[in-house]
1. To the nearest 10 degrees, how steep is helix 199-208 against the longest Cα principal axis of the chain, on a 0 to 90 scale?
2. Quick one: helix 180-194 against the long Cα principal axis of the chain, what's the angle to the nearest 10°, folded into 0 to 90?
3. Given the peptides 9-21, 174-186, arrange them by the average over their residues of other C-beta atoms within 10 Å, most packed first.
4. Tell me, what is the percent relative contact order of region 4-98, built from C-alpha pairs under 8 Å that lie six or more residues apart?
5. Based on DSSP H runs of at least 4 residues, each adding -39500 (n - 2.57), what is the mean residue ellipticity at 222 nm of the chain after dividing by all its residues, to the nearest 500 deg cm²/dmol?
6. Taking 7 Å along the Cα-to-C-beta vector as the label spot, tell me the K104-R208 distance in nanometres, rounded to one decimal.
7. Report relative contact order for the chain in percent, whole number only (criteria: Cα-Cα under 8 Å, sequence separation at least 6).
8. Starting from the Cα-Cα distance between T72 and D15, subtract it from 0.36 nm times their residue separation and give me the gain in nm to one decimal.
Amino acid sequence: MTTLLLVDDHPLFLDGVRAALAGEDDIEVVGEAHDVASAVALAGSLRPDVVLMDLNLPDGSGVDATREVVATSPGTRVLVITMSADDEAVVAAMRSGARGFFVKGGGRDDLLSAVRTVASGGAVFSPAVADRLGSWFSGVAGQSGREAFPQLTEREREVLDLVARGYDNRRIAKALFLSDKTVRNHLSIVLTKLGARDRAEAVERARRAGMGAME
């Protein structure tokens, strides 16, 4: 039996998922959450096999929720829900540990297949997302198992990586589901930790370290 936690703040979508899963003997919905805080808490208490995670939540990003669930509930796999497979947040979620994605509006059979694949240890990617992930991982490979700039947090490295790709603050905010102000704050901290004079110097150092691989 695969246990499933649903995370979404749209009642109609949740109703549709429950209806799609009704009658399936091998999948059981054990809980529902409507925001980041409850998603992380319920994942920790219920220990579901799979979390079906929306990327747009009222108190934050499903990307951050995914990262926390993966870190605190290692036996739980995350399947993200998205409106578009081209959304940059999908790739950010994969980097945070999600095992795949399901596009809202997809068919019942596709949903069941995605849940079962992720529950069994597999991954659900489109070719486009797989290519983008491959590009990103190739950019951080060859660092002897150490991430670039260990003084930075994971979020700060994500911001720096996107800066090194040439993203402006607004595009970074959209990609990581952050506010413009939060991006500016992260970037200021990054410059301080790196001892970089300005954005250009941070970009140069990041690219020398293998960050900023273009998609």
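The values are calculated or read from the model by the stated rules, or taken from the named source; none is laboratory data. Values in this document were obtained by computation on a predicted structure and should not be read as measured data. Cβ atoms come from the backbone with ideal geometry, glycine included; neighbour counts cover every protein chain shown. Quick note on the areas: whole protein, heavy atoms, side chains included, nothing else; ligands and nucleic acids left out. Shrake-Rupley method; radii C 1.70, N 1.55, O 1.52, S 1.80 Å.
1. 80
2. In the chain, helix 180-194 runs at an angle near 50 degrees to the longest axis.
3. On the way: 9-21: 14.4, 174-186: 17.0.
For the peptides 9-21, 174-186, the packing ranking is 174-186, 9-21.
4. Once normalised by length, the contact order is 27 percent.
5. Details: 10 runs with 111 residues, N = 215.
Mean residue ellipticity at 222 nm (helix-derived): -15500 deg cm²/dmol.
6. In this crude label model, K104 to R208 measures out at 4.5 nm.
7. RCO, the chain: 16 percent.
8. Gain on stretching T72 to D15: 17.7 nm.
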